[in-house]
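Colleague: Let me begin by handing over the structure; questions about it come next.
The values are calculated or read from the model by the stated rules, or taken from the named source; none is laboratory data. Quantities reported herein were computed from a predicted structural model and do not represent experimental measurements. Quick reminder, even Gly has a Cβ in these numbers, built from the backbone with ideal geometry, and neighbours come from all protein chains shown.
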Amino acid sequence: MKIKKGFKLREVDSLYVVIPGVQAADTFHGMITLNETGAYLWQKLQTSTTLEALTEGMISEFAVDEETAKKDIEEFLNAVREKGLLDD
């Protein structure tokens, strides 16, 4: 799975925002705000990855247990899927 091309992640005053580039702006209007873990997942999804790799990375980066990591990742993936931003 991977985030669709054409979106940019930016940090603005300790907040993370995702904005569409010129081509993506034709189909997506607005911006998405992310917390630190959301920004981490967004960055990891810039290249094709797996749920297992995301889970291992979250456990390592944020010192959370596997159950919490999987729950948070699934919530994030569902949100970006609903917005049509994820290529599975």
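Matching residues to (1) within 20 Å of D87 (Cα to Cα); (2) β-branched (V, I, T); (3) at pLDDT below 95:
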| residue | (1), (2), (3) |
| --- | --- |
| L9 | yes, no, yes |
| L15 | no, no, yes |
| V18 | yes, yes, yes |
| H29 | yes, no, yes |
| E36 | no, no, yes |
| E56 | no, no, no |
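Colleague: E82 - would you say it is under 25 Å from P20 (Cα atoms), exposed (fewer than 12 other Cβ atoms within 10 Å of the Cβ) and under 13 Å from the mean Cα position of the chain (by Cα)?
Modeller: Details: under 25 Å from P20 (Cα atoms): yes; exposed (fewer than 12 other Cβ atoms within 10 Å of the Cβ): yes; under 13 Å from the mean Cα position of the chain (by Cα): yes.
For E82, the condition - under 25 Å from P20 (Cα atoms), exposed (fewer than 12 other Cβ atoms within 10 Å of the Cβ) and under 13 Å from the mean Cα position of the chain (by Cα) - is met.
This table checks each residue for (1) surrounded by 17 or more Cβ atoms within 10 Å (Cβ to Cβ); (2) farther than 18 Å from K2 by Cα; (3) of a type in the set (V, I, T); (4) out of contact with any helix residue (DSSP H, G or I) (no Cβ under 9 Å at 6 or more places or on another chain).
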| site | (1), (2), (3), (4) |
| --- | --- |
| I19 | no, no, yes, no |
| A39 | yes, no, no, yes |
| W42 | yes, no, no, no |
| V64 | no, yes, yes, no |
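Colleague: Another question, if that's okay. Determine which single condition D87 fails, assuming it passes every other condition in (1) among the acidic types (D, E); (2) crowded, with 16+ Cβ neighbours inside 10 Å; (3) in contact (Cβ under 8 Å) with a residue 40 or more places away in the chain.
Modeller: Checking D87 against (1) among the acidic types (D, E); (2) crowded, with 16+ Cβ neighbours inside 10 Å; (3) in contact (Cβ under 8 Å) with a residue 40 or more places away in the chain, the one that fails is (2).
Colleague: Another question about this same structure. Name the pairs whose Cβ atoms lie under 6 Å apart, with the first residue in region 37-61 and among the β-branched types (V, I, T), the second surrounded by 17 or more Cβ atoms within 10 Å (Cβ to Cβ), and 6 or more positions between them or separate chains?
Modeller: Taking only residues 6 or more apart or on different chains, the pairs are T55/A69; T55/K70; I59/A69.
Colleague: Filter region 38-56 for residues that are in a helix (DSSP H, G or I) and under 21 Å from L15 (Cα atoms); which is nearest to the chain's Cα centre (by Cα)? If you could, list the steps in order and put the result at the bottom.
Modeller: As a first pass, look at region 38-56 and keep what is in a helix (DSSP H, G or I): 38-44, 51-56.
Filter again for under 21 Å from L15 (Cα atoms), leaving 38-44.
Details: G38: 5, A39: 6, Y40: 7, L41: 4, W42: 3, Q43: 6, K44: 7 Å.
Only one residue fits best here, namely W42.
Colleague: Across region 21-36, what is the total count of residues that are crowded, with 18+ Cβ neighbours inside 10 Å and either under 13 Å from the mean Cα position of the chain (by Cα) or in a helix (DSSP H, G or I) (or both)? Talk me through it step by step, then tell me what you get.
Modeller: In the first step, residues of region 21-36 are kept if they are crowded, with 18+ Cβ neighbours inside 10 Å; the result is 28, 32, 34.
Pick out the ones that are also either under 13 Å from the mean Cα position of the chain (by Cα) or in a helix (DSSP H, G or I) (or both) and you get 32, 34.
Looking only at that region, the number is 2.
Colleague: Pick out the one residue from I73, I3 that is crowded, with 17+ Cβ neighbours inside 10 Å, of a type outside the set (K, R) and either in contact (Cβ under 8 Å) with a residue 40 or more places away in the chain or touching a Pro at 6+ places or on another chain (Cβ under 9 Å) (or both).
Modeller: Details: I73 fails: either in contact (Cβ under 8 Å) with a residue 40 or more places away in the chain or touching a Pro at 6+ places or on another chain (Cβ under 9 Å) (or both).
It is I3.
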